[in-house]
1. Could you tell me whether residue 127 is touching a strand residue (DSSP E or B) at 6+ places or on another chain (Cβ under 7 Å), surrounded by 17 or more Cβ atoms within 10 Å (Cβ to Cβ) and closer than 27 Å to residue 45 by Cβ?
2. Condition first: crowded, with 19+ Cβ neighbours inside 10 Å and either on the phi > 0 side of the Ramachandran plot or in a helix (DSSP H, G or I) (or both). Now tell me which residues in the range 15-39 satisfy that.
3. Does residue 50 fit the bill of being over 27 Å from residue 184 (Cβ atoms) and out of contact with any strand residue (DSSP E or B) (no Cβ under 8 Å at 6 or more places or on another chain)?
4. In contact with a strand residue (DSSP E or B) (Cβ under 7 Å, 6 or more places away or on another chain), crowded, with 23+ Cβ neighbours inside 10 Å and modelled with pLDDT of 95 or more, is that true of residue 65?
5. Identify, from the list 95, 106, 77, the residue that is crowded, with 16+ Cβ neighbours inside 10 Å, touching a residue at least 12 places away in the same chain (Cβ under 8 Å) and out of contact with any helix residue (DSSP H, G or I) (no Cβ under 8 Å at 6 or more places or on another chain).
6. Residues of the range 172-200 being over 14 Å from residue 4 (Cβ atoms) and either touching a helix residue (DSSP H, G or I) at 6+ places or on another chain (Cβ under 6 Å) or buried (at least 17 other Cβ atoms within 10 Å of the Cβ) (or both), which ones?
7. Going residue by residue through the range 110-120, is there one that turns out to be part of a helix (DSSP H, G or I) and either crowded, with 17+ Cβ neighbours inside 10 Å or in contact with a strand residue (DSSP E or B) (Cβ under 9 Å, 6 or more places away or on another chain) (or both)?
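The values are calculated or read from the model by the stated rules, or taken from the named source; none is laboratory data. These numbers were taken from a predicted model, which means no experiment stands behind them. As a convention, Cβ positions derive from the backbone with ideal geometry for all residues, glycine included, and neighbour counts pool all protein chains shown.
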């Protein structure tokens, strides 16, 4: 099944250390009717996610899970007015995120996964957001601290809800391409176990090759 009609996808994107990029996002149950509206939506959402301070996503990420060189720099809105799978209108806006300051670096492929739930059961009615974690202190079991994960999840909730309020009729949702349906997000959850997004290392600058020849008498 294709992407259902009358939805839009909001994509957050930014940079990772070593030259790679990251993207993550969520759907909303409303489509833009022209490119101007798509651009206005992107600008409004970018303004909300650019807000720094306690309770906002990128502040929470930058102080706990982002090393230097990690940021968010753009919001894109892809509007689907039919089931062709092709966005009729695209809007983009720049984001200003705090610089990453966490120092306990981890590989660029590590991610914190936020699961978006609806009032319906089954995998088709759940979504996932992979937020980049280029730093982060792990506990003795190799897990992210629960307090840090809860802080990020709460901040994401705040920014999504503020985005909904900024645009009338805007509701975040989970899209099922398999079923061709969408349903409103009812809750968020997060696992403290670090996840891996291997494709986030595709553009990372490779380090110098080290070799050690065998010498024998």
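1. Here the answer is yes, as residue 127 does meet what is asked.
2. Selection gives 38 alone.
3. no
4. Details: in contact with a strand residue (DSSP E or B) (Cβ under 7 Å, 6 or more places away or on another chain): yes; crowded, with 23+ Cβ neighbours inside 10 Å: yes; modelled with pLDDT of 95 or more: yes.
So residue 65 fits the description; yes.
5. 106
6. Going through the range 172-200, the residues over 14 Å from residue 4 (Cβ atoms) turn out to be 172, 185-200.
If the condition is that a residue be over 14 Å from residue 4 (Cβ atoms) and either touching a helix residue (DSSP H, G or I) at 6+ places or on another chain (Cβ under 6 Å) or buried (at least 17 other Cβ atoms within 10 Å of the Cβ) (or both), then 172, 185, 188, 190, 192, 194, 197, 200 are the ones that fit.
7. no
Per-residue answers, yes or no, for (1) farther than 23 Å from residue 154 by Cα; (2) assigned to a strand (DSSP E or B); (3) touching a residue at least 24 places away in the same chain (Cβ under 8 Å):
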{"site": "45", "(1), (2), (3)": "no, no, yes"}
{"site": "48", "(1), (2), (3)": "no, no, yes"}
{"site": "52", "(1), (2), (3)": "no, no, yes"}
{"site": "55", "(1), (2), (3)": "no, no, yes"}
{"site": "60", "(1), (2), (3)": "no, no, yes"}
{"site": "63", "(1), (2), (3)": "no, no, yes"}
{"site": "71", "(1), (2), (3)": "no, no, yes"}
{"site": "82", "(1), (2), (3)": "yes, no, yes"}
{"site": "86", "(1), (2), (3)": "yes, no, no"}
